[in-house]
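Below you'll find the structure, written out as structure tokens, and then a few comments.
The values are calculated or read from the model by the stated rules, or taken from the named source; none is laboratory data. All values reported here derive from a predicted model rather than from experimental measurement. We place every Cβ from the backbone using ideal geometry, glycine too, and count neighbours over all the protein chains shown. What goes into the accessible areas is simple: the full protein's heavy atoms, side chains included, and nothing from ligands, DNA or RNA. Shrake-Rupley method; radii C 1.70, N 1.55, O 1.52, S 1.80 Å.
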Amino acid sequence: MAEVNGAGLAETNPPAEGFNVNTSDPEAIEIADKVMEAMGGRAAWDNTRYIRWNFFGRRSLVWDKKTGDVRIDVPADSATYVINVNNDQGQVMIGGEEITNPDSLTKYVEQGKKIWVNDSYWLVMPYKLKDSGVTLTYVGEDSMQTGDMADVLELRFENVGFTPQNKYQVYVDKNDGLVKQWAYYSEASLDSPNFVTSWDDYKDYNGIKLSSSRGERGMSDIGVFDSIPHEKVFTLKPYRFN
């Protein structure tokens, strides 16, 4: 366990390259480090290899954190995306037909990456508080929908992702250091959020904590694995986990 102080935790949770250290609040950074520790610690997160989940019952994803390979199955569209989010390459099948036209494939690979960016952020955002392009501000203390008190962090983005104009306010429970609520703003200039959603039902998955409940919606089929049959999973052929 790392030392429970700003300096000790900061040493074990260095920021990603491009994190806006100079414009972020030191208090916000310290709270972000405590969140990482409460989630299982930076080493456990860095050593996590494969994550599987179902996003709100709409689609299932498998992500290889080490290689950047991602598989997305969307039953409603009879679609499968097998892409690499690091090099923007991949294969896509829509309605049972593989996309072979280069321009169309580029478009669908980008669409798959947008799905992964969105769906993974809804699952693992607490691990990404010190990501590239992020500026963290300490807003202060506030009560959550549950009535419990939280430290509120604001995340703004610069030259990163598909929606850098967004901002989030993240509510960190003062008792256990876990993110228990977030407020989403489609534009950083907005004073009122588009929505506020709780983060509940935390469980340990192979050394890291993940929350499945988002108010009335949630993630399911969450799994974290050290190994899977990689060549069978990251292909357009159907695959079902046991």
Rounded to the nearest 10 degrees, the helix 102-124 long axis (Cα) sits at an angle to the longest Cα principal axis of the chain of 40 degrees
Can you tell me, using C-alpha contacts under 8 Å and at least 6 residues apart, the relative contact order of the range 25-145 as a whole percent?
21 percent
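For every helix of n ≥ 4 consecutive DSSP H residues, a contribution of -39,500 (n - 2.57) applies; sum these over the chain, divide by its total residues, and give [θ] at 222 nm rounded to the nearest 500 deg cm²/dmol.
Counting only the DSSP helices, I get -6500 deg cm²/dmol.
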Hand me the GluC sites (Glu not before Pro) from the range 152-242 located in a DSSP loop with no more than 10 other Cβ atoms within 10 Å, in residue order please.
187, 216
Net charge (Lys, Arg +1; Asp, Glu -1) of residues whose beta-carbon lies under 13 Å from that of residue 68, residue 68 excluded, is +2
Computed over the Cα atoms, what is the radius of gyration of the range 1-130 divided by 2.2 N^0.38 Å, N being its residue count?
1.27
For the range 173-183, 3J(HN,Hα) per residue [Karplus equation, 6.51 cos²θ - 1.76 cosθ + 1.60, θ = phi - 60°, Hz, x = Gly/Pro]
4, 6, 8, 10, x, 9, 5, 10, 6, 9, 10
Whole number in Å², please: accessible area per residue of the chain, 1.4 Å probe, ligands, DNA and RNA not counted.
50 Å²
Computed over the Cα atoms, what is the radius of gyration of the range 122-207 divided by 2.2 N^0.38 Å, N being its residue count?
1.08
Taking every pair of alpha-carbon atoms in the range 103-168, what share in percent sits in each 5 Å bin, from 0 to the bin with the longest distance?
3, 14, 19, 21, 17, 12, 7, 3, 3, 1, 0
Relative contact order, percent, of the range 106-215 when contacts are C-alpha pairs under 8 Å separated by at least 6 residues?
16 percent
The farthest towards the positive end of the charge dipole of the range 1-132, of the residues 115, 24, 40, given +1 on Cβ of Lys and Arg and -1 on Cβ of Asp and Glu, is 115
